[in-house]
Structures are given as structure tokens and as C-alpha cells.
């Protein structure tokens, strides 16, 4: 399987995307967007910012588990990771976004066709 951004429609008719690695694991989840066009801009922002170390913020959840956030140049959040069991696993997640984000294809599940 190839890495992919999957665009989906939410229950309240908004849009969001997941970045999936080649192993089909979700490595980044977006915020919700009011339009598909805005969601596509979010994907473009991941592609643009994924390779830049300074765009990643390492955080700790309320349960003590690490996760990361990817920021755009304007400091807005583009996406968040899952919670990881260890910092080492979180760093592997960041490496996956760096590797897969710039090259992932876009699959549009919101309308049932490839984008």
C-alpha cells in the first residue's frame, strides 16, 4: 500500500483527513474543516511543512503518553498524532510523517472517488 491522505466527511458534514503510512497506520489526523477546499489546503500544508523539524511540537497527554503536533509556519495546528506508548515510538511517528507526508497521494472518501 502507498502512503495516502484520506479525506473524509464528518458526521456534521465537515471535512477532515488522516495521513496513513504505507503500513496503513494513521500517523497524523487533521482538525475539521468547513469545506473540502480548506481540507485540501491543510493537506498541502502538511506536504510543505512535514520535512521541517521546527514544525513539530512534542507534547504529553493527560494520561502521561506522548504525542506530537505539526504546525504550519503561522503556528496554527495542521494535525495531531495518536498517543504513543513511548517517546521513541513518537519519534518514529514523526519520522513517518516526514517521510510519507511529502509524497502521499490523496484519496477522497468524502465523495467516493480518487482526488
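The values are calculated or read from the model by the stated rules, or taken from the named source; none is laboratory data. As the structure is a computational prediction, the values presented were derived from the model and not from experiment. Cβ atoms come from the backbone with ideal geometry, glycine included; neighbour counts cover every protein chain shown.
Step by step: first the residues of the stretch 47-78, then only those that are loosely packed, with under 12 Cβ neighbours inside 10 Å and in contact with a strand residue (DSSP E or B) (Cβ under 9 Å, 6 or more places away or on another chain), then the one that is farthest from residue 32 (Cα to Cα). Which residue is that?
Only one residue tops the list, namely 54.
Could you check the stretch 5-38 and list, in sequence order, the residues that are touching a residue at least 40 places away in the same chain (Cβ under 8 Å) and in a helix (DSSP H, G or I)?
36
Taking the criterion of being at pLDDT 95 or above, outside any strand (DSSP E or B) and closer than 16 Å to residue 6 by Cβ, would at least one residue in the stretch 68-78 satisfy it?
No, the stretch 68-78 contains no residue that is at pLDDT 95 or above, outside any strand (DSSP E or B) and closer than 16 Å to residue 6 by Cβ.
Inside the stretch 47-67, can you point out the residues that are without any contact (Cβ under 8 Å) to a residue 40 or more places away in the chain, in a loop (DSSP other than H, G, I, E, B) and within 15 Å of the chain's Cα centre (by Cα)?
52
Looking for whichever is touching a residue at least 12 places away in the same chain (Cβ under 8 Å), closer than 20 Å to residue 24 by Cα and out of contact with any strand residue (DSSP E or B) (no Cβ under 8 Å at 6 or more places or on another chain) here; the options are 43, 103. Which one fits?
Just one listed residue meets the conditions, 103.
Which of the residues belonging to the stretch 20-42 are under 13 Å from the mean Cα position of the chain (by Cα) and within 12 Å of residue 8 (Cβ to Cβ)?
Matches in the stretch 20-42: 20, 26, 29, 30, 32, 39.
For residues that are in a loop (DSSP other than H, G, I, E, B) and farther than 19 Å from residue 22 by Cβ, scanning just the stretch 79-115, find the one that is nearest to the chain's Cα centre (by Cα).
Going through the stretch 79-115, the residues in a loop (DSSP other than H, G, I, E, B) turn out to be 81-86, 101-104, 109-112, 115.
From what is left, the residues that are farther than 19 Å from residue 22 by Cβ are 83, 85-86, 110-112.
Numbers: 83: 13, 85: 19, 86: 19, 110: 17, 111: 20, 112: 20 Å.
Result: 83.
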